[in-house]
Amino acid sequence: MEESSISIKPRDVMPEAARTLPARYYTDPALFRVEMDELFGRMWFCAARSQEIERAGQFLVRELNGYNVIVTRNAAGRVNAFHNVCRHRGTRICTEASGQFAGSIQCPYHAWTYDLDGRLIGAPHMEEVPHFQKPDYPLLGVHADEWDGHLFLNLESQPQPLGAQLGSLVDKFRDWRMSDLRLGRRIVYDVKANWKLIIQNYNECLHCPNLHPALNRLSHYLSGENEPLHATYMGGRMDLRPGVETLSTDGSCPRAFLPGLSADDRRRVYYYAIFPNMLLSLHPDYMMTHTLWPVAADRTINVCEWHFQASELAKDSFDSSDCVDFWDLTNRQDWHVCELSQAGISSRAYVPGPYSNREDLLHAFDRFIVDFHSRHEG
Amino acid sequence: MEESSISIKPRDVMPEAARTLPARYYTDPALFRVEMDELFGRMWFCAARSQEIERAGQFLVRELNGYNVIVTRNAAGRVNAFHNVCRHRGTRICTEASGQFAGSIQCPYHAWTYDLDGRLIGAPHMEEVPHFQKPDYPLLGVHADEWDGHLFLNLESQPQPLGAQLGSLVDKFRDWRMSDLRLGRRIVYDVKANWKLIIQNYNECLHCPNLHPALNRLSHYLSGENEPLHATYMGGRMDLRPGVETLSTDGSCPRAFLPGLSADDRRRVYYYAIFPNMLLSLHPDYMMTHTLWPVAADRTINVCEWHFQASELAKDSFDSSDCVDFWDLTNRQDWHVCELSQAGISSRAYVPGPYSNREDLLHAFDRFIVDFHSRHEG
Amino acid sequence: MEESSISIKPRDVMPEAARTLPARYYTDPALFRVEMDELFGRMWFCAARSQEIERAGQFLVRELNGYNVIVTRNAAGRVNAFHNVCRHRGTRICTEASGQFAGSIQCPYHAWTYDLDGRLIGAPHMEEVPHFQKPDYPLLGVHADEWDGHLFLNLESQPQPLGAQLGSLVDKFRDWRMSDLRLGRRIVYDVKANWKLIIQNYNECLHCPNLHPALNRLSHYLSGENEPLHATYMGGRMDLRPGVETLSTDGSCPRAFLPGLSADDRRRVYYYAIFPNMLLSLHPDYMMTHTLWPVAADRTINVCEWHFQASELAKDSFDSSDCVDFWDLTNRQDWHVCELSQAGISSRAYVPGPYSNREDLLHAFDRFIVDFHSRHEG
């Protein structure tokens, strides 16, 4: 493959003052706490795929920033989310990461029982307390909503609608019909790095020739184009090299392409970081998602999933190893350098360094983060 | 067995404002520190059974709240306790959890040697230092005393007598002749919960039908009666169901009853929390004790022991598995919900909840704890 | 062997106020931080032996007090040390503890490349940034120097020369020709004790009869003589007992003596603590070194090495087990009591204790430490 066959769009020149962030943005527990409370605590964050709680009473549990949340579906098909805390003595109710309620939600300690909308329907011996009224003690709710098969939560008491946060993304990715896709594989990574380093790693391919030769062979690192950063997301697309059908171990595609895609989009991979915690990677024949679960300033649990058309998954011959192996290798290379960045930035000798023009989204994200913190300073 | 055969005494109605404690009482390291310093640090706490240091020079070591204490017995049979710190360079002297001194206590570093009353009797080369006087450097003492075979320590410099703390308990349980009982079995549990949650779990049986069906089959959860909370303990008794002889896997009693008990007390189990760290459970034929060793706001080591008449232990046919298995199962169920309570209360969504009338001792204990902290606020 | 054959020099009487240090000097993270920043951070510390980076591009990595440092040698044979932090995005460059650069130093993330003097010689796509100049972004340097085969680092920006810190040590130990010695064996110990307790343990032999009977059989604990404490080191010598050739399992010496030693020095072992982190133990036929790497107030990594004449190491019959086994046993006994000291001093019951006359260097070192902290108090 010749470089001349690649369409390379030049990028704007970095401003002279553009430098990576001071170390404290990646290491200070106090700044991490502000990000958790004011960014993750106020935005809708991607918690799961809708398909994981398809049936009434199916549930999963998510933990973020000191909250533990039950997400389930009621008989009418509506997603409900509740704090996993009994209103009697505060006991954690669900102890499994996922499962199926038998019609109601019961605390294991004193058997207080709630329906799938969180209403208290049983509280043994509380009838002997004259002032006690069951309607006063429902499970405390958490806002939940869905976008095209992705399930989002919001810990705010009065959040803006999910659609308002997603903005033009809803239209932009309609053709991929994401709600029709089904989980093929999940790999959970424990990354010893700040969540922002993972987002920054995701949003530039300048490191690809050196770190990901296999990826660079399929998709030239200078190809494609970025959108300017939006208030709630940033991203861009890259082109597949001539002859490459998708991102897989050998570049061929053993699956049917997604049915709604234009000819152009069948030649591209879209990479979007949807703040605060979702990385959406749309390929001609599959969707890869990462959800980031920050645990500490220097540690992030990273859940990577590969989603496919149900019709492909149903085939006896279905095999996702070509794209899972390809990305698992690439993921591990990325998390390794994210961990090296965390280690290096944590050195007391670290000083901010200069960005290249290819790191435009990182510089924009840095400014977003600096602005965010300047709005939340004590 | 019919409910009608159970004598159920109604309880007073909870005051309308009765609510479980705010989360900080279970999660804040600063409040934990105050409880350790001002409650555990000033009260007599149960450290062991007297029989564990029966012979002169037999010793055991206990650790609490940053102190490490040697407990031993001198030739005259008196219990002595010392800080496990050499007066020369501060070296920890005893490294084993228990053992036997060969007549004196020697530091492994420079061989400073103390007698079983803590007097310094050897200090190599210190005789070359003219101003040095051995009587100035005894092991630093800790107060120790015994109650009916239970060995207590007190870290205060001038504590009240043990008997003053125990109050009416001494008379109340004289019939059980606890000093005659001998250890049959010990199980140590590591519970990820605040020590107060363990005490609260111990002092209500409202959770028994749901959590402990085996226990509830032997002793009805509404049976018996509580005493009002005293300054230094709280507790009550429950009745065995008709036909049940003791708390064991099948409710039968393969051992002789304790010899001093009244006919009534042979039909009851007494459960007393003796502040700050002892749970005393007296059965018709055996004594179960728990001693609580708080490690952190959210973690408590819990030592459970089963004690029997020496004459029973001496029998070839002696087997404690009926009561040990019964309580080990019940213990594990209890510690599990204590850990769920700790987890739920640690959620940032936790809010205090309402008590039922059956949780009278918990509400009283909460007020005791709130009063205690209000007296020790900075 | 009779005591009368040992030359014992009496020591001065301890002042009456001489006491071990208050606990905070060994337990307080804030004081530990000051020692790391102002003592380890300003003095030359021993990092390795020069032989470990003999060839150009050979490197090793050292970590201390939040810094991570690459030490290597350029083509001209000069030792260079650099912070292990890429000037681009702060990535840690070297991930191995030691190795060989292929002529240059390359960051694994975006392939920024530095020569062995730290100059930036490659930075892909940065040429598209007009204001970017490679000479502005060398690796940040750390001062490095060598003394007789020992490699030292200094984290200060403008340190005094190494020779000025070492003072009279350079002349004192010239006869041992330390630069000619080569590593035979290394054992790394993880000691749960403050670094100062290890230095104090090293500087008195009052504990030898009790703790090290094997050592005391070869070298009487009262033999030899100490120098008064100097600004940057302290130490002394001890005599081998009659008939003993060196410190080894049986006291015999299967190796040739070091060639430059006087007859007197062939009968002695020199023990010098070279502040802040080196213990230098010179035997008639080998050199033992310890380098201390404090990790926390209560934990120190301790690297012990045995070095021999190259001519001895080259022999087919070479065997270091006689001296390695001897000292490994002695080391373990020492670290054990250091850990007991740390544990005892950490007890809230610890109070400073009295020194004997044989602990003169410890009292001097304590005063050095107290003086140091009094100069660096907030």
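So here's what we get for this one:
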item	result
P(r) tail fraction, chain C - alpha-carbon pairs more than 40 Å apart, %	20
Potential extension, A:Glu54-A:Glu377 segment - 0.36 nm per residue separation minus Cα distance	112.1 nm
Sites matching GluC sites (Glu not before Pro) across the stretch B:1-89 that sit in DSSP coil, with at most 10 neighbouring C-beta atoms within 10 Å	B:Glu2, B:Glu54
Across C:Lys172/C:Lys196; A:Lys192/C:Lys196; B:Lys172/B:Lys192; B:Lys9/B:Lys172, pairs whose alpha-carbon gap is larger than 26 Å	A:Lys192/C:Lys196; B:Lys172/B:Lys192
Per-residue mean of C-beta atoms belonging to partner chains within 10 Å, peptide C:107-113	6
Percentage relative contact order, the stretch B:105-259, counting C-alpha pairs under 8 Å, at least six apart	11
Rounded to the nearest 20 debye, dipole of chain A from Cβ charges on Lys, Arg, Asp, Glu	480
Only Lys, Arg (+1) and Asp, Glu (-1) charged, at Cβ; the protein assembly as shown dipole about Cα centre in debye	400
Euclidean distance between Cα centres, the stretch A:265-312 to the stretch B:337-355, Å	34
Magnitude of the charge dipole, the stretch B:83-210, Cβ model with Lys/Arg +1 and Asp/Glu -1, debye to 20	400
For the stretch C:293-306, 3J(HN,Hα) per residue [Karplus equation, 6.51 cos²θ - 1.76 cosθ + 1.60, θ = phi - 60°, Hz, x = Gly/Pro]	10, x, 10, 7, 4, 10, 8, 9, 7, 10, 9, 10, 10, 10
Value of relative contact order over the stretch C:6-119, rounded to a whole percent, pairs C-alpha under 8 Å and six or more apart	17
Inter-probe distance in nm under a simple model that places probes 7 Å from Cα toward Cβ, at C:Asp175 and A:Phe318	8.3
Phi to ³J(HN,Hα) by Karplus 6.51 cos²θ - 1.76 cosθ + 1.60 over the stretch C:153-166, Hz, x for Gly, Pro	10, 9, 8, 5, 6, 10, x, 5, x, 4, x, 5, 5, 6
For B:Thr95, solvent-accessible area (1.4 Å; no DNA, RNA or ligand), Å²	70
16 Å tail of the calculated P(r), the stretch C:170-220, as % of Cα pairs	67
Computed accessible area, C:Arg186, all protein chains, 1.4 angstrom probe, square angstrom	100
Rg/Rg_ref, the stretch B:126-218, where Rg_ref = 2.2 N^0.38 Å and atoms are Cα	1.77
Environment charge at A:Thr20 (Cβ cut-off 13 Å; Lys +1, Arg +1, Asp -1, Glu -1)	+3
Among C:Asp239, C:Asp171, C:Asp190: highest mean-square fluctuation, GNM of chain C, C-alpha pairs under 10 Å	C:Asp171
Shortest-first nm distances, A:Lys9 label point to equivalent points in other copies (7 Å, Cα→Cβ)	8.2, 8.2
Test item: B:126-135 mean partner chain Cβ contacts at 10 Å	4
Trypsin sites (Lys or Arg not before Pro) lying in DSSP loop within the stretch B:334-367, provided at most 14 other Cβ fall within 10 Å	B:Arg348
Label-point separation, B:Ser157 to A:Arg266 (7 Å along Cα→Cβ), nm	8.8
Calculated [θ] (222 nm, deg cm²/dmol) that DSSP helices of n ≥ 4 give over chain A, each run adding -39,500 (n - 2.57)	-6000 deg cm²/dmol
Length released on extending from C:Gln133 to C:Val295, taking residue separation times 0.36 nm less the Cα-Cα span	54.5 nm
Radius of gyration, Dmax [the protein assembly as shown; alpha carbons; angstrom]	35.7, 101
Dipole of the stretch A:110-213 [Lys/Arg +1, Asp/Glu -1 at C-beta], most positive-end residue of A:Tyr189, A:Gln158, A:Leu120	A:Tyr189
Relative contact order (%) - the stretch C:211-323, alpha-carbon pairs under 8 angstrom, separation at least six	19
Lys/Arg +1, Asp/Glu -1 at C-beta; chain B dipole; positive extreme among B:Tyr109, B:Val303, B:Ser219	B:Tyr109
Computed lengthening from A:Ser104 to A:Arg42, 0.36 nm per intervening residue step minus Cα-Cα distance	19.4 nm
Other protein chain Cβ atoms within 10 Å, averaged over every residue that makes up C:72-85	2
Debye log10 I(q)/I(0) for the stretch A:217-333, one point scatterer per Cα, at q = 0.12 Å⁻¹	-0.47
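The values are calculated or read from the model by the stated rules, or taken from the named source; none is laboratory data. Remember, predicted model here, so these are calculated numbers, not experimental data. Ideal geometry is used to build each Cβ from the backbone, glycine not excepted, and the neighbour counts take in all protein chains shown. Ligands, DNA and RNA are excluded from the accessible area calculation, which covers all protein heavy atoms including side chains. Shrake-Rupley method; radii C 1.70, N 1.55, O 1.52, S 1.80 Å.
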